[in-house]
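Chemist: Take a look at the following structure, please.
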Amino acid sequence: MNAPTKKPAPQITALTQPFWDAASKGELRMQKCQSCGHIRFPIGPVCTACLSDKSDWVRMSGRGTVLSHLVFHRAYSPAWKDHVPYSVVMVQLPEGPRMFTDIVDLERKYIDQDLVGRTVEVLFDTVEGDVAVPRFKVAEP
Amino acid sequence: MSISGRAAIVGVGATEQGTLQGRTPLDLGIEAFKRAIADAGLRKEDIDGLLTMPGTTSPEASLHYLRFGEAVGINPRYTGSMTMGGATAGCLVQMAVMAIHAGLASTVACVFGDTAKTGGVTFNRASGGELSWGLWGMLGAAANSGIAADRHMHEYGTTSRQLAEVAVACRKHASMNEHAVMRTPITIEDHQNSRMIVRPLRLLDCCLISDGGVCIIVTGIDRARDLKKKPVAIKGMGQAHTTMNMEHERWWYVPHQKQALSDAFRMAGLGPSDVDVAQLYDNFTISVILWLEHAGFCKEGEGGSFVEGGRIQLGGDLPVNTAGGNLSESYMEGWLHIVEGVRQIRGESSARQVADAETCLVTGRGMSLNCSNAMILQGG
Ligand SMILES: [Zn+2]
């Protein structure tokens, strides 16, 4: 049996470089505004609250709570074809930001469950060279 | 002077819909344009405004207005193209009304043509900017509406069988529309047995992918009264958008739609109880439930129970998507919703005509959950 296809690798830009540098070291970092303290995600050139362009890449705890749980039974890109069905969740981070992530669930243990309200934690999945994508898995109680 | 009722839709044209081998977005748009000017009793020389939406397969993209205008040989005083997905049709008609009211044009053609079906467009893209959500498998048109449906189910107890009611209603109406693509009636069980696409959304929760063209012609109310067909006045209009997604706490609920609807109702001096028939943008079944709540036909969270028992079918309290909608008539990204609204007010909807339909609500939504609009149509 062939190994499943690698999930896609990011196109790294000057703006997103610090995010990927952190991920390659096993850290989930997001931009915190130096002026007003707002932590923003998706990554952006200025603070979405006050427009300041000064920010620090601060480390997130790496845990979050599931707000919504989808199960993709269809692959909309070849990179995902070996992974269906797979879960994608919207996660609320305690630091404020929300993000989408797939759930790493190799045994398909959670595919028929409803993960809303569950705690998830980040892990880092190497997709190409030393580029790693932060994804989440279900935290065991 | 208020803009309410100052302009009217005087011509509508739609091509055959579905899988149209050998057609192009340009020639479908042209055919729709010819049908619409004939419907209005106008000549192309009467058109001094041209607003277009490039099809998903139109090579000209944002320069589409130039190519289309050249192809039909007109010199508009006012023109442009807009790409706002399923919100484009309504936003262009509203732009036409504003241009006419401002004196920048007298008669505006709004045009769309697409070959998404034969062009193999799968609406598979991911949203996100420099960090595409596709990195996390969040791809395709069903993804964000899946979030909306899943959150609605968790917060309000909405069920998949209630989503099915929307699909069943649209299909019933399409079965009465000889131009609709999907005409075989379905049941709630058919919906429940259809395959899962992106849980909680099944195949029969999803709209079609179609080829076709649509054109809508708008002119000032005085001129409209001298034309061939009964004018359909735009009594109220509203738009509201959000450019945010993850940073918007209730993004999934599309709360800005409420603003678009309340602005339209206020301009018209009407409310939801005045609406006889509604054409509500249905990229996915959940969208109809959200519109019903946002328009005030029921309370927040009660859209699921509202649609039960055939209430939005012809013969029910509030017939919705009487030509079949995006789910079953054809996926013209909301353009045909306006056409059906016009036909209902004119009394041209034959077997699916709502008796004494005087007021029609038409809504549009595009760019996933981000862009929305609403219009109130009445005879002028
Ligand atoms: Zn700030």
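Bear in mind that the values in this text are calculations on the coordinates, not laboratory data. Given the structure is predicted, the values throughout are model-derived calculations rather than measurements. Note: ideal-geometry Cβ built from the backbone for every residue, glycine included; neighbour counts use all protein chains shown.
Chemist: Just the number: Rg to Rh for the range B:177-220, Cα atoms, Kirkwood Rh, two decimals. It would help to have the intermediate numbers written out before the result.
Modeler: On the way: Rg = 15.5 Å, Rh = 13.3 Å.
We get a ratio of 1.16 for the range B:177-220.
Chemist: Can you find, among B:Gly146, A:Ile103, B:Pro59, the residue farthest towards the positive end of the dipole of the protein assembly as shown? Put +1 on the C-beta of Lys and Arg, -1 on that of Asp and Glu.
Modeler: The listed residue farthest towards the positive side: B:Pro59.
Chemist: With the cut-off at 1.5 for a/c, could you classify the range B:224-272 from its C-alpha gyration tensor as rounded, prolate or oblate? Intermediate values should be presented prior to the final figure.
Modeler: Working: a/c = 4.64, a/b = 2.68, b/c = 1.73.
The shape class here is prolate.
Chemist: Under a plain spin-label model, where a point goes 7 Å from the Cα along Cα-to-Cβ, how far apart in nm are B:Gln192 and A:Val58?
Modeler: It works out to 4.9 nm between the two label points.
Chemist: Something else: Could you give the radius of gyration (one decimal) and Dmax (whole number) of the Cα atoms in the protein assembly as shown, in Å?
Modeler: Cα only, the protein assembly as shown: 23.7, 73 Å (Rg, Dmax).
Chemist: Another question about this same structure. Quick one: among B:Glu308, B:Glu178, B:Glu165, which has the greatest mean-square fluctuation in a GNM of chain B with alpha-carbon springs under 10 angstrom?
Modeler: Of the options given, B:Glu178 has the highest mean-square fluctuation.
Chemist: Sort largest first and round to whole Å: the equivalent ellipsoid semi-axes of the range B:90-165, each the square root of five times a Cα gyration tensor eigenvalue.
Modeler: Values: eigenvalues 239, 85, 46 Å².
One finds semi-axes of 35, 21, 15 Å for the range B:90-165.
Chemist: Another question about this same structure. Long-range amide H contacts for B:Asp282: which residues qualify at under 5 Å (H placed 1.01 Å from N, peptide plane, sequence gap of 5 or more or a different chain)?
Modeler: B:Asn326
Chemist: Right, here's the next one. Compute the Kirkwood hydrodynamic radius of the range A:12-59, taking the inverse of the mean of 1/r over all pairs of distinct Cα atoms, and give it in Å to one decimal.
Modeler: Across the range A:12-59, the inverse of the average 1/r is 10.7 Å.
Chemist: Could you tell me which of the pairs A:Lys81/A:Lys137; B:Lys172/B:Lys230; B:Lys172/B:Lys299; A:Lys81/B:Lys117; A:Lys54/A:Lys81 are separated by over 30 angstrom between their Cα atoms in the structure shown? All intermediate terms of the calculation are to be shown ahead of the outcome.
Modeler: Values: A:Lys81/A:Lys137 20 Å; B:Lys172/B:Lys230 28 Å; B:Lys172/B:Lys299 26 Å; A:Lys81/B:Lys117 22 Å; A:Lys54/A:Lys81 40 Å.
A:Lys54/A:Lys81, as the Cα separations exceed 30 Å there.
Chemist: Using the Karplus curve 6.51 cos²θ - 1.76 cosθ + 1.60 with θ = phi - 60°, work out ³J(HN,Hα) for each residue of the range B:210-221 in order, rounded to whole Hz, and write x for Gly and Pro.
Modeler: 9, 9, x, x, 9, 9, 10, 10, 10, 9, x, 4
Chemist: Considering the dipole of the protein assembly as shown built from charges on the beta carbon (Lys and Arg +1, Asp and Glu -1) around the Cα centre, which of B:Gly90, B:Asn283, B:Gly80 is farthest to its positive end?
Modeler: Going by the Cα projections, it comes out as B:Gly80.
Chemist: Over the Cα atoms of the range B:230-380, Rg to Rh with Kirkwood Rh, two decimal places? Please list the in-between numbers first.
Modeler: Working: Rg = 14.3 Å, Rh = 15.2 Å.
Looking at the range B:230-380, the ratio lands at 0.94.
Chemist: Now for a separate question. Kindly state, to the nearest 0.05, the FRET efficiency for B:Lys299 paired with B:Asp356, given R0 = 35 Å and r defined as their beta-carbon distance. Don't skip to the end; give the middle numbers.
Modeler: Numbers: r = 27 Å, r/R0 = 0.78.
Once the sixth-power term is evaluated, E becomes 0.80.
Chemist: Note down the magnitude of the dipole of the range A:12-59 about its Cα centre, charges +1 on Lys and Arg C-beta and -1 on Asp and Glu C-beta and zero elsewhere, to the nearest 20 debye. Working shown, then result.
Modeler: Values: 6 positive and 4 negative charges, 21 e Å.
Here the range A:12-59 has a charge dipole of around 100 debye.
Chemist: So what is the orientation-averaged projected area of the range A:74-114, using the convex hull of its C-alpha atoms, in nm²? Please list the in-between numbers first.
Modeler: On the way: hull surface 14.7 nm².
Mean projected area of the Cα convex hull: 3.7 nm².
Chemist: Where Rh denotes the Kirkwood radius from the mean inverse Cα pair distance, what is Rg over Rh for the range B:129-201?
Modeler: Values: Rg = 15.2 Å, Rh = 14.1 Å.
For the range B:129-201, the value is 1.08.
Chemist: Can you give me the Cα centroid spacing of the range B:189-265 and the range A:95-141 in angstrom?
Modeler: Value for the Cα centre distance between the two parts: 34 Å.
Chemist: Which residues among the range A:86-119 fall inside the zone where the amide N is under 16 Å from a point 7 Å beyond the Cα of A:Ala139, along Cα→Cβ?
Modeler: What the label zone holds, given the 16 Å backbone N cut-off, is A:90-99, A:104, A:115-119.
Chemist: Compare the Cα positions of B:Ala116, B:Ala40, B:Trp136 along the charge dipole of the protein assembly as shown (+1 at Cβ of Lys, Arg; -1 at Cβ of Asp, Glu; about the Cα centre) and return the one farthest towards the positive end.
Modeler: The Cα lying farthest towards the positive end belongs to B:Ala40.
Chemist: How much of the pair distance distribution for the range A:61-141 lies past 23 Å, counting alpha-carbon pairs only, in percent?
Modeler: Working: 599 of 3240 pairs.
Considering the range A:61-141, 18 percent of its Cα-Cα pairs are separated by more than 23 Å.
Chemist: Over all distinct alpha-carbon pairs, what is the Kirkwood Rh of the range B:76-130 in angstrom?
Modeler: Details: mean 1/r = 0.0739 Å⁻¹.
When all Cα pairs of the range B:76-130 are included, the Kirkwood radius is 13.5 Å.
Chemist: Return the calculated 222 nm mean residue ellipticity for chain A, to the nearest 500 deg cm²/dmol, obtained by summing -39500 (n - 2.57) across DSSP H runs with n ≥ 4 and dividing by the residue count.
Modeler: On the way: 1 runs with 8 residues, N = 141.
One gets -1500 deg cm²/dmol as the mean residue ellipticity at 222 nm.
Chemist: What is the set of long-range amide H partners of A:Thr126 at a cut-off below 5 Å, with H atoms built 1.01 Å from backbone N?
Modeler: Distant-sequence amide H within range of A:Thr126: A:Val133.
Chemist: Okay, moving on. Take A:Lys81 and B:Asp274, extend 7 Å from each Cα along the Cα→Cβ direction, and tell me the distance between the two endpoints in nm.
Modeler: 5.5 nm
Chemist: Taking the Cα atoms of chain B, what is the range of coordinates along each of the three principal axes, in descending order and whole Å?
Modeler: 54, 44, 40
Chemist: Distance from the Cα centre of the range B:44-85 to that of the range B:328-374, in angstrom?
Modeler: Between the Cα centres of the range B:44-85 and the range B:328-374 lies a distance of 22 Å.
Chemist: Just from its helices, what would the mean residue ellipticity at 222 nm be for chain B, if runs of 4 or more DSSP H residues each count -39500 (n - 2.57) and the sum is divided by every residue, rounded to the nearest 500 deg cm²/dmol?
Modeler: Details: 12 runs with 124 residues, N = 380.
About -9500 deg cm²/dmol.
Chemist: At a Cα cut-off below 15 Å, give the aspartates and glutamates reachable from B:Lys44, other chains included and same-chain residues fewer than 8 away excluded.
Modeler: Hits, sequence-local ones excluded: B:Glu31, B:Glu70.
Chemist: Then there is this: What are the principal axis extents of the Cα atoms in chain A, in Å, biggest first?
Modeler: Rounded to whole Å, the extents work out to 51, 34, 25 Å.
Chemist: For the range B:225-319, what is the convex hull volume of the alpha-carbon atoms per residue, in Å³? Walk me through the numbers on the way to the answer.
Modeler: Details: hull volume 12.9 nm³, N = 95.
Given the Cα convex hull of the range B:225-319, per-residue volume reads 136 Å³.
Chemist: Kirkwood Rh, the range A:24-92, all Cα pairs: how many Å?
Modeler: Values: mean 1/r = 0.0691 Å⁻¹.
By the Kirkwood definition, the hydrodynamic radius is 14.5 Å.
Chemist: Please report, in debye to the nearest 20, how large the charge dipole of the protein assembly as shown is about its Cα centre when each Lys and Arg carries +1 at its beta carbon and each Asp and Glu carries -1 there.
Modeler: Values: 50 positive and 54 negative charges, 61 e Å.
Result for the protein assembly as shown is approximately 300 debye, rounded to the nearest 20.
Chemist: Let me ask something else about it. Step through the residues of the range A:27-37 one at a time and calculate ³J(HN,Hα) from phi using the Karplus curve (6.51 cos²θ - 1.76 cosθ + 1.60, θ = phi - 60°), rounding each to whole Hz and writing x for Gly and Pro.
Modeler: Result, rounded to whole Hz: 10, 9, 10, 9, 7, 10, 5, 6, 8, 10, x.
Chemist: While we're looking at this one, here's another question. Given Cβ point charges of +1 (Lys, Arg) and -1 (Asp, Glu) and nothing else, what value in debye, to the nearest 20, does the dipole of the range B:154-253 about its Cα centre take? List each step's numbers first, then the result.
Modeler: Values: 14 positive and 11 negative charges, 93 e Å.
It works out to roughly 440 debye.
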